[in-house]
Amino acid sequence: MVRLIFAINYKAYETAFNERSLDIARAASRLSSRYQGVRIILVVPAAVVGRVLQAYEDVYVEHVDPIDFGAYTGYLPASAARLIGAKGVLTNHSEHKMVYRDVEKVVKAARAQGLEVMACADTPGEAAGLAYLRPDFIAIEPLRTAWCSSCTGLCPLGSRLARSQAKWLIGLRVWIIH
């Protein structure tokens, strides 16, 4: 049983698009087979999903848009993320925030395509709102603190939960590395 999740976000650094992206994927492959209780998710730009999949299979795309196929230049629908081989999507990252109704559309579209969803929140309050959408994971990243969660609970990384939030506590942890 997976008890710990590391989500490694490639972002749009040069290393996401060069040979280093495959080095990270190969390392993730070695480590995931070595540590059975740890799941490593690589969160990559859509442009390199196929390349990273050559070395590692647990790959999410960094962002999808709340649209389906059509005349939307520069957008990425969830259905396209599935076609390029992604296992899931990251949505609402602090560097690419979305309004709640758009996050809801992304979660529904991703689910319809059989994709997992990791939704990001800046605060525990935002995470509580996102929990109603039932993503697979909610990553909470307050400015000075790293938090983690699943859709049913919050786990602090180096911080205390308020008593009102303690009822959400479960054993699954998500760490986003970026």
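The values are calculated or read from the model by the stated rules, or taken from the named source; none is laboratory data. Keep in mind that this is a model prediction, so the values were computed, not measured. A quick note on method: Cβ atoms are made from the backbone with ideal geometry, for glycine too, and the neighbour counts reach across all protein chains shown.
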query = Within segment 63-78, which residues are closer than 29 Å to S32 by Cβ and either surrounded by fewer than 14 Cβ atoms within 10 Å (Cβ to Cβ) or among the small types (G, A, S) (or both)?
reply = A78
request  = Working only within segment 99-132, note down all residues that are at negative phi and not in a helix (DSSP H, G or I).
outcome  = V99, Q113, L115, E116, V117, M118, A119, C120, A121, D122, T123, Y132
remark   = Of (1) assigned to a loop (DSSP other than H, G, I, E, B); (2) over 19 Å from H96 (Cβ atoms); (3) not β-branched (V, I, T), K11 satisfies every one except (2)
query = Which strands (runs of 3 or more DSSP E) sit wholly inside segment 23-97 and have at least 1 residues that are over 24 Å from E126 (Cβ atoms)?
reply = 38-44, 59-61
message = With the requirement that a residue be charged (D, E, K, R), under 21 Å from Y10 (Cβ atoms) and modelled with pLDDT of 95 or more, what does segment 84-114 give you?
response = K87
task = Confirm whether Y60 is surrounded by 20 or more Cβ atoms within 10 Å (Cβ to Cβ), out of contact with any helix residue (DSSP H, G or I) (no Cβ under 8 Å at 6 or more places or on another chain), hydroxyl-bearing (S, T, Y) and under 17 Å from A139 (Cα atoms).
result = yes
